[in-house]
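The structure under discussion appears below in the form of structure tokens.
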Amino acid sequence: MRVAMVGTGYVGLVSGACIADFGHDVVCIDKDAARIRALEFGEIPIYEPGLPDLVSANVRESRLSFTTELPEPVRAADVVFIAVGTPSRRGDGHADLSYVYEAAREIAAAIAGFTVVATKSTVPVGTGDEVERIIRAARPEADVVVVANPEFLREGAAIHDFKHPDRIVIGTEDERARTVMADIYRPLSLNQAPVFYTTRRTAELIKYAGNAFLATKITFINEIADLCEKVGADVQEVARGIGLDNRIGAKFLHAGPGFGGSCFPKDVRALIKTAQDKEAHLRILEAVVAVNDARKRAMARKVSAMFPGGLRDRTVAVLGLTFKPNTDDMREAPALSLITALQDMGARVRAFDPAGMKQAEALLNDVSYCENAYHCVDGADALVIATEWEQFRALDLERIRDLMACPVVVDLRNIYRPEEMHLKGFAYVCVGRPVTAQISTGDETLERFLQLAKVRAKAPTL
Ligand SMILES: NC(=O)c1ccc[n+]([C@@H]2O[C@H](COP(=O)([O-])OP(=O)(O)OC[C@H]3O[C@@H](n4cnc5c(N)ncnc54)[C@H](O)[C@@H]3O)[C@@H](O)[C@H]2O)c1
């Protein structure tokens, strides 16, 4: 089948490359000429494991190409996917649908023959109706069916998710369109991926309800983590204890600094707005947004609480900037609010991230970016682990401790064990787990305490 992918960002590029890998002919289109030029030169504009090889293999086989010119590939296509961005509209939190509608107008002008227009972008209920209206208004004679086909891939595991989906949701009642979409995804039947056919509006809502549920699950465990800290319980064991219940499931029960990223925050906000417009208020989700927003800055207070005199003129090293590992995506990353709050408290911030520093530079002021984790902690008064990249899970802790001015670690991803950190001489706090030794300044100054901690840690065990 011939496929045109309108929008070549995270979703468009991964989907386009995977669909080409199934054996279809795919042209990825984007307005961003620099992005398309880079792709034509074999450069992948985003960090996504496995994507460079997948793209180059399919370009080599002439199944995948890139262009800024929409009309020709859309005219030739059996299926045109819309995969443009739907960011939060500035000011009110509704999804900004201007890119989707602009794409619809351009597609309308170009389509020829029977064409399925499938929306992969996450769009509020009723957007498919409007896309159809736009196309019909411009081309009343066009033989076109507008389908909702929301995408569930996760950045960092996007290729695996696209090729091994839990389900494929196809929202249309048109039999011809269902057959075409089934042909697109037929290669996945080997993996027995269930294809779930439903109406267009229901498909649109499934995507939002799914993301909102996952965001709620994260926020739930984060609040339980706060309670664990007050009552001396361990949130990781609580999560395991409840996650073993099949009705609950173990995923998305990792306590941390709050959810971020390109999807959850904007999608939850957009769903709340849709519901408010329909006078069907989603009060649980309103609470989820409020709790999550407050949490990101609260994480900075965890750091300042380690220093009786506060953070003024302290240097804080932040490891991890992206909203999760294996991506360079900085959109609504918790590290952004955390770092701004640390700076508001008077701290100097140094940071290292394996993939996100270029994007972070555009979003943060006065941060010193470092070459690696050890360079980052050199001379720092506190280390904050904000993203659980693999390479931060097995740091040389003795080296870290000796490089730091004060061996204070605030582990917002719970990747280290409290007992081990205390044995190594760190003052260590994490999220929702009992810490065996707190900094107790008593008569000692903090520096004195930490000096002693270092000496104790280095002393041979008798
Ligand atoms: N990123 C994710 O993990 C993810 C997962 C599932 C769903 N989604 C949804 O998929 C959609 C796309 O997300 P993304 O992260 O890929 O966005 P993105 O910002 O990375 O990419 C969007 C691309 O569309 C291009 N574009 C905009 N208007 C265009 C037009 N008229 N013609 C051609 N190109 C155009 C932009 O230049 C940009 O490169 C959003 O609705 C998002 O909510 C994203």
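The values are calculated or read from the model by the stated rules, or taken from the named source; none is laboratory data. All figures in this text were calculated on a predicted structure; none of them were measured in a lab. Because the Cβ atoms are built from the backbone with ideal geometry, glycine has one as well, and the counts that use them run over all protein chains shown. With ligands, DNA and RNA removed, areas are computed over all heavy atoms of the protein, side chains included. Shrake-Rupley method; radii C 1.70, N 1.55, O 1.52, S 1.80 Å.
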Which residues qualify? For ILE168, with a placed amide H closer than 5 Å and at least 5 residues away or on another chain, they are VAL195, PHE196
The FRET efficiency for ALA138 and THR68, from their Cβ-Cβ distance with R0 = 22 Å and rounded to 0.05, is 0.55
Taking the alpha-carbon centre of each part, the distance from region 396-430 to region 225-272 in Å is 24 Å
Using alpha-carbon coordinates alone, the radius of gyration and Dmax of region 146-217 in Å work out to 12.5, 38
Phi angles of region 290-302, converted by Karplus (6.51 cos²θ - 1.76 cosθ + 1.60, θ = phi - 60°) into ³J(HN,Hα) in whole Hz with x for Gly and Pro, give 5, 5, 5, 4, 5, 5, 4, 6, 4, 5, 5, 5, 4
For ARG154, the residues 5 or more places away or on another chain with a placed amide H closer than 5 Å to its own amide H are ASP161
Residue-ordered couplings for region 65-82, obtained by feeding phi - 60° into the Karplus form 6.51 cos²θ - 1.76 cosθ + 1.60 and rounding to whole Hz (Gly and Pro as x), are 9, 10, 7, 9, 9, 6, x, 5, x, 5, 4, 7, 7, 7, 10, 10, 8, 9
Sorted by accessible surface (1.4 Å probe, heavy atoms of the protein chains only), largest first, ARG139, ARG247 come out as ARG247, ARG139
accessible surface per residue for the chain, probe 1.4 Å, DNA/RNA/ligands not counted, whole Å² -> 45 Å²
Semi-axes in Å, largest first, for region 78-132 (Cα gyration tensor, √(5λ)) are 23, 10, 9
The FRET efficiency for THR202 and ARG37, from their Cβ-Cβ distance with R0 = 41 Å and rounded to 0.05, is 0.55
Checking region 130-227 for GluC sites (Glu not before Pro) in a loop per DSSP with at most 12 other beta-carbon atoms within 10 Å yields GLU141, GLU173
In degrees, nearest 10, the alpha-carbon axis of helix 334-344 is tilted away from the dominant principal axis of the alpha carbons of the chain by 40 degrees
Percent antiparallel among DSSP beta bridges confined to the chain, nearest 5, equals 5 percent
Compactness summary of region 378-439: radius of gyration and Dmax from Cα atoms, Å, are 10.6, 28
In whole percent, the Cα-Cα distances of region 194-247 spread across 5 Å bins from 0 upward as 4, 16, 17, 18, 13, 11, 9, 7, 4, 1
For PHE426, the accessible surface traced by a 1.4 Å probe with all protein chains present amounts, in square angstrom to the nearest 10, to 10 Å²
CD proxy, 222 nm, the chain: helix-only mean residue ellipticity via -39,500 (n - 2.57) per DSSP H run with n ≥ 4, per residue, nearest 500, stands at -13500 deg cm²/dmol
So SER98 and ARG60, fully extended at 0.36 nm per residue minus their Cα-Cα distance, gain in nm 10.2 nm
Largest-first ranking of GLU40, GLU279 by accessible area, probe 1.4 Å, whole protein assembly kept, is GLU279, GLU40
Two pseudo-spin positions, 7 Å from Cα along C-beta at GLU361 and at VAL195, lie apart in nanometres by 4.6 nm
If each part is reduced to its alpha-carbon centroid, region 122-141 and region 163-186 end up apart, in Å, by 19 Å
The chain: spread of alpha-carbon positions along the three principal axes, whole Å, largest first, is 84, 49, 42
Rounded to the nearest 10 Å², the 1.4 Å probe accessible area of TYR374 is 50 Å²
Here, trypsin sites (Lys or Arg not before Pro) of region 7-67 satisfying both criteria (DSSP loop; at most 16 other Cβ within 10 Å) are LYS31
Cys in the chain lacking any partner Cβ under 4.7 Å -> CYS18, CYS28, CYS228, CYS263, CYS406, CYS430
From most to least accessible, 1.4 Å probe, no ligand or DNA/RNA atoms counted, ARG314, ARG105, ARG283 line up as ARG283, ARG105, ARG314
Whole-number value, in Å³ per residue, for the convex hull of the alpha carbons of region 17-140 is 126 Å³
Square roots of five times the C-alpha gyration tensor eigenvalues of region 30-86, ordered largest first and given in whole Å, equal 19, 15, 12
Taking Cα atoms only, helix 200-231 is inclined relative to the longest principal axis of the chain by an angle, in degrees rounded to 10, of 10 degrees
Taking Cα atoms only, Rg over Rh for region 230-344 with Rh from the Kirkwood formula is 1.02
Scoring only Lys, Arg, Asp and Glu (+1, +1, -1, -1) among other residues with Cβ under 10 Å from the Cβ of LEU319 yields -1
Taking the alpha-carbon centre of each part, the distance from region 353-392 to region 292-336 in Å is 11 Å
A correct Kirkwood calculation over the Cα atoms of region 108-250 returns a hydrodynamic radius in Å of 17.7 Å
Unit-weight point scatterers at every alpha-carbon of region 280-345, Debye formula, q = 0.27 1/Å: log10 I(q)/I(0) is -1.15
For the chain, longest principal axis from Cα atoms; helix 51-60 axis from its Cα atoms; angle between them, nearest 10 degrees, is 30 degrees
In nm, the gap between the two label points placed 7 Å beyond Cα toward Cβ at GLU279 and ASP129 is 1.7 nm
Counting only residues 5 or more apart in sequence or on a different chain, those whose built amide H sits under 5 Å from that of VAL146 are VAL117
For region 317-402, inverting the pair-averaged 1/r of distinct alpha-carbon atoms gives a Kirkwood value in Å of 12.8 Å
